[in-house]
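For reference, the structure discussed in these notes is given below.
We did not get these values from a lab; they are worked out from the coordinates using the rules stated. Here the structure is a predicted model, which means the values were calculated and not measured. As a convention, Cβ positions derive from the backbone with ideal geometry for all residues, glycine included, and neighbour counts pool all protein chains shown.
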Amino acid sequence: MSGRGRSRGPLDFARGDRRGRAEVRGFLRHLSRRALLGLGLAALLGCPPNTREQSLPPGLTTRSLPAAYEGRKNPFSPDDAGVLEEGRLLYFTPHQGLSCAVCHGNDGRGRGPMWTYIEPYPPSFADDALLDAFRERQDHVFRWVADGLDRMPMPGFGQVMTEDDLWKVITYAWHLGLQLERNPDAKPSGGRQ
């Protein structure tokens with residue numbers, strides 16, 4: 001079949017001449033503009049990510065918080081060895097059939113045994129925005145762990161753990177994030193590797 005009678009698509013490389021390559025570049029520019037427009041609209045509208053990338057909880061970007069959670073502060077320090085040991089045990093102990101480590105990983109990188117089955121992927125505790133939340137928005141973090149997250153696979157543990165236990169797990173997760181922030185290649189101490 002000759003090339004004359006056939007319609008050419010934008011990705012027809014058969015011609016290989018300058019005109020064919022220019023058409024392909026124009027088509028790719030058109031696609032990239034549409035993709036950027038779509039991403040911009042999704043961000044503007046607050047749509048959840050539809051990718052297989054790690055994602056921070058949607059509540060991180062919102063200021064609204066139920067009155068029951070407003071102003072809650074973590075009573076523990078991320079350097080308190082006793083609290084960290086208790087938090088570590090709670091982190092690895094299954095609650096409702098799941099432990100924190102199953103999704104978030106032994107080291108808090110968000111790569112536990114279940115991470116490939118979860119969309120979006122669990123966040124790393126060393127993510128800058130999550131570390132900021134551990135420091136500045138502790139009431140939000142408490143709510144995420146206690147109630148779970150809307151439109152996310154994170155379950156709530158407030159019905160099966162005491163408030164002190166929730167804070168201990170949060171403190172341990174914060175500790176893992178700080179360790180990863182200080183040395184991204186190191187294995188955190190105290191975790192099961």
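For the stretch 58-182, a crude dipole built from +1 on the beta carbon of Lys and Arg and -1 on the beta carbon of Asp and Glu, taken about the Cα centre, is about 200 debye to the nearest 20.
Label zone (R182, point 7 Å along Cα-to-C-beta; backbone nitrogen cut-off 12 Å) within the stretch 95-138: none. If you plug the beta carbon distance of H95 and L65 into 1/(1 + (r/R0)^6) with R0 = 22 Å, you get a FRET efficiency near 0.40.
Determine, for H175, H95, H140, the number of other Cβ atoms within 10 Å of each Cβ, and report the residues in order from fewest to most. List each step's numbers first, then the result.
Values: H175 26, H95 15, H140 21.
Lowest to highest Cβ neighbour count: H95, H140, H175.
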